[in-house]
1. Can you pull out every residue in the range 32-69 that is within 17 Å of the chain's Cα centre (by Cα), in a strand (DSSP E or B) and modelled with pLDDT of 90 or more?
2. Which residues, counting only those in the range 126-165, are among the β-branched types (Val, Ile, Thr) and more than 25 Å from the chain's Cα centre (by Cα)?
3. Do you know which residues across the range 369-382 are on the phi < 0 side of the Ramachandran plot and either of a type in the set (Asp, Glu) or in contact with a Phe, Trp or Tyr (Cβ under 9 Å, 6 or more places away or on another chain) (or both)?
4. Considering only residues that are aromatic (Phe, Trp, Tyr) and part of a helix (DSSP H, G or I), look in the range 91-147 and name the one that is farthest from residue 21 (Cα to Cα).
5. Please state which one of 231, 188 is under 30 Å from residue 75 (Cα atoms) and of a type in the set (S, T, N, Q).
6. What's the total number of residues in the range 130-161 that are under 18 Å from residue 68 (Cα atoms), polar (S, T, N, Q) and surrounded by 15 or more Cβ atoms within 10 Å (Cβ to Cβ)?
7. State which residue pairs qualify: first residue part of a helix (DSSP H, G or I) and inside the range 161-180, second residue among the aromatic types (Phe, Trp, Tyr) in any location, beta carbons under 8 Å apart, and separation of 6 or more residues or different chains.
8. Right, residue 212: touching a strand residue (DSSP E or B) at 6+ places or on another chain (Cβ under 8 Å), in the same structural domain as residue 325 (by TED's automatic domain parsing) and either closer than 23 Å to residue 310 by Cα or modelled with pLDDT under 95 (or both) or not?
Amino acid sequence: MTEWKEYKLGELIKTNVKSIGRDYPYSKILYLDTGSITCNNIDSFQEFELDKAPSRAKRLVKQDDIIYSSVRPNQLHYGYITNPQDNLVVSTGFVTITCNKDLLCPKFLYYFLIQSQITEYLHSVAEASTSAYPSLKPSDIEALDIEIPPLDTQRRIASILSSLDDKIDLLHRENATLEQMAETLFRQWFVEESKEEWEEGKLGDEFNFTMGQSPRGDSFNEEGVGIPMYQGNADFGFRFPTKRVFTTQPTRFAEPNDTLISVRAPVGAQNMATEKCCIGRGVAAFRYKGNSSYYSYTYYKLKSLLEEIKQFNDNGTVFGSISKSDFENLDIVVPDENTIMSFQQQVKDIDDKIINNNKEIQTLIQTRDGLLPRLMGGEIKI
């Protein structure tokens, strides 16, 4: 640590360097809003004609910039800019951070900022703000104290952490490809090659399902006591929900491999349970009636119905919701069980690979999160 030097972060960075001006050369933009990126994972970009873009579509970024949402830092809407398109514009809801690369490796700073203790501190600063909702000013980030080693050590630390993130990203992309393969097979088997003798029915004819019920609020904790509880789509990730809240007084349950559907605000997000868990009132859990091992068929059947399910977002209520009777009355085609069994056997290996990849992702995340503060604190000599 003798080679490490302490700075105010504002001595090493500039914030919100450039925004769209009169000389901006593009008539169409690729826009990234704060809600479309979490932990550097981008859900989607939006494309707009410049004159029809949202008023917050103003901030310009370049290679190796960091974007950090100024609103509710604990929601983890941050990212690292790599190979941006020339017409990329991000929301003014981000603080954009540009490093002095002669002193500070941008990727090192990125890992410094995403440490849980930094996130928690910045969220506490945001909550103390006088605005209508918890928000940061660029000066709040600039005021952070940071200790940095020589530049070559910064780069080595960033490389170790990046290698773990690259592996995590590779597994995420493999999972997305595998799921697309399974969806294609479902469409082939049950849409393109559907049989005339298959009967029309209702969703309740094929599936048992449980509508969630929230336990008492004083049973919640974030220390892992009890069993995981999923309250709604805010807990959902790709395929599997993220453990965030636990309860010691569970009320209604989902079983391992049940398909989970959010039933309110908004309706129609989908996940799968990896273990027995409690489901709150924002979630319903589905399993095939005749054989609970047909979990892949259940998952992709529900996925094929999501557009119909999502229509309940526009049911006249403020937030949208779907009831048990709404689910029971959804129209479906009911295939014969031999076809379902054959599909399940063919797709099981794909789904099991997704499940195993997810387990490896969680292990890598735990490894990275364990190394992160030790590397940033100089406890591990590089």
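The values are calculated or read from the model by the stated rules, or taken from the named source; none is laboratory data. Keep in mind that this is a model prediction, so the values were computed, not measured. Cβ sites come from the backbone with ideal geometry, for glycine too, and all protein chains shown count toward neighbours.
1. 32, 37, 67, 68, 69
2. Of everything in the range 126-165, those that are among the β-branched types (Val, Ile, Thr) and more than 25 Å from the chain's Cα centre (by Cα) turn out to be 130, 146, 148, 153, 157.
3. If the condition is that a residue be on the phi < 0 side of the Ramachandran plot and either of a type in the set (Asp, Glu) or in contact with a Phe, Trp or Tyr (Cβ under 9 Å, 6 or more places away or on another chain) (or both), then 369, 372, 375, 376, 379 are the ones that fit.
4. Selected residue: 121.
5. Exactly one of 231, 188 is under 30 Å from residue 75 (Cα atoms) and of a type in the set (S, T, N, Q), namely 231.
6. 1
7. Between residues of the range 161-180 that are part of a helix (DSSP H, G or I) and residues that are among the aromatic types (Phe, Trp, Tyr), the close pairs are 161/111; 172/238; 175/238; 176/238.
8. Taking the combined requirement at face value, the residue satisfies it.
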